[in-house]
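Engineer: Quick one: the structure is below, and I'll ask about it shortly.
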Amino acid sequence: QVQLVESVGGSVQPGGSLRLSCAASGSIFSINAMGWYRQAPGKERELVATIIRGGRPSYANSVKGRFTASRDNAKNTVYLQMNSLKPEDTAVYYCNLRTVSEDYWGKGTLVTVSS
């Protein structure tokens, strides 16, 4: 079994920054990808950023140039640096780990961008 523990989100003003982290533990044999999704109120869950094994991060168009995803393979940890935050970035952010056969999810952490 795999556990994903996300850092606490928070509330920031527009234009502010926030960094999320997610540490994976448990029976991790082969990680194909780690990344972040988000779900805003009344909307479907959407991809924010993902890092495929051996590859570079890819991002949703809405966050390109503002968000940076990174991964520490030794710690099985993925990070999301969010800059120039906008009110429309308000959502619950979920960490995702994908293996050959399974998708694992964190419990989610709330990020609120408001003045």
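Engineer: Rounded to the nearest 10 Å², what accessible area does SER62 show when all protein chains are kept and the probe is 1.4 Å?
Structural biologist: Accessible area, nearest 10 Å²: 60 Å².
Engineer: Over the chain, with every protein chain in place, what whole percent of the accessible area is carbon and sulfur at 1.4 Å, could you tell me?
Structural biologist: Ligands and nucleic acids excluded, carbon and sulfur give 48 percent.
Engineer: What length, rounded to one decimal in nm, is gained on full extension from ASN61 through to ASN83, with 0.36 nm per residue of separation minus their alpha-carbon distance?
Structural biologist: 6.5 nm
Engineer: OK, next. Quick one: which residues, 5+ away or cross-chain, put their amide H under 5 Å from the amide H of LEU85? H built at 1.01 Å from N.
Structural biologist: The list, which skips near neighbours in sequence, is GLY15, GLY16.
Engineer: Compare GLU6, GLU88, GLU102 by solvent-accessible area with a 1.4 Å probe and give them largest first, with all protein chains kept in place. Could you put the intermediate results ahead of the total?
Structural biologist: On the way: GLU6 35, GLU88 125, GLU102 90 Å².
Highest to lowest solvent-accessible surface, that is GLU88, GLU102, GLU6.
Engineer: May I pose another question? What is the distance, in nm, between label points placed 7 Å from the Cα along the Cα-to-Cβ direction at VAL8 and at SER27?
Structural biologist: About 3.3 nm separates the two model spin labels.
Engineer: Give the cross-link partners of LYS86 among the aspartates and glutamates, using a straight C-alpha distance below 18 Å as the criterion and excluding same-chain residues fewer than 8 apart.
Structural biologist: Those aspartates and glutamates meeting the cut-off are GLU46.
Engineer: With every protein chain kept in place and ligands, DNA and RNA left out, what is the accessible area per residue of the chain? Probe 1.4 Å, answer in Å². Display every interim value, and only then the final one.
Structural biologist: Working: 6400 Å² over 115 residues.
Accessible area per residue, the chain: 56 Å².
Engineer: Now a separate question. Taking amide hydrogens as modeled 1.01 Å from N in the peptide plane, which residues meet the under 5 Å criterion relative to ALA33, leaving out close sequence neighbours?
Structural biologist: Placed amide hydrogens put ARG53, ARG98 under 5 Å from ALA33.
Engineer: Also, I was wondering about something else. Please work out how much length the chain gains when fully extended from GLU44 to GLU102, using 0.36 nm per residue of separation minus the C-alpha to C-alpha distance, in nm with one decimal.
Structural biologist: Taking GLU44 through GLU102 to full extension adds about 18.8 nm, to one decimal.
Engineer: Show me, for segment 63-79, the HN-Hα J-couplings you get by feeding each phi into the Karplus relation (A = 6.51, B = -1.76, C = 1.60, θ = phi - 60°), rounded to Hz, glycine and proline as x.
Structural biologist: Those phi angles translate into 10, 4, x, 10, 10, 10, 9, 8, 9, 10, 5, 5, 9, 6, 10, 10, 10 Hz.
Engineer: Leaving ligands, DNA and RNA out of it, rank SER30, SER84 by accessible area with a 1.4 Å probe, largest first.
Structural biologist: Per-residue accessible area, sorted high to low, gives SER84, SER30.
Engineer: Using all alpha carbons of the chain, what is the percent of pairwise distances in each 10 Å bin, ordered from the shortest bin to the longest?
Structural biologist: Computed distribution, short to long bins: 15, 50, 29, 6, 0.
The values are calculated or read from the model by the stated rules, or taken from the named source; none is laboratory data. Here the structure is a predicted model, which is why all the values come from computation and not from measurement. Ideal geometry is used to build each Cβ from the backbone, glycine not excepted, and the neighbour counts take in all protein chains shown. Ligands, DNA and RNA are excluded from the accessible area calculation, which covers all protein heavy atoms including side chains. Shrake-Rupley method; radii C 1.70, N 1.55, O 1.52, S 1.80 Å.
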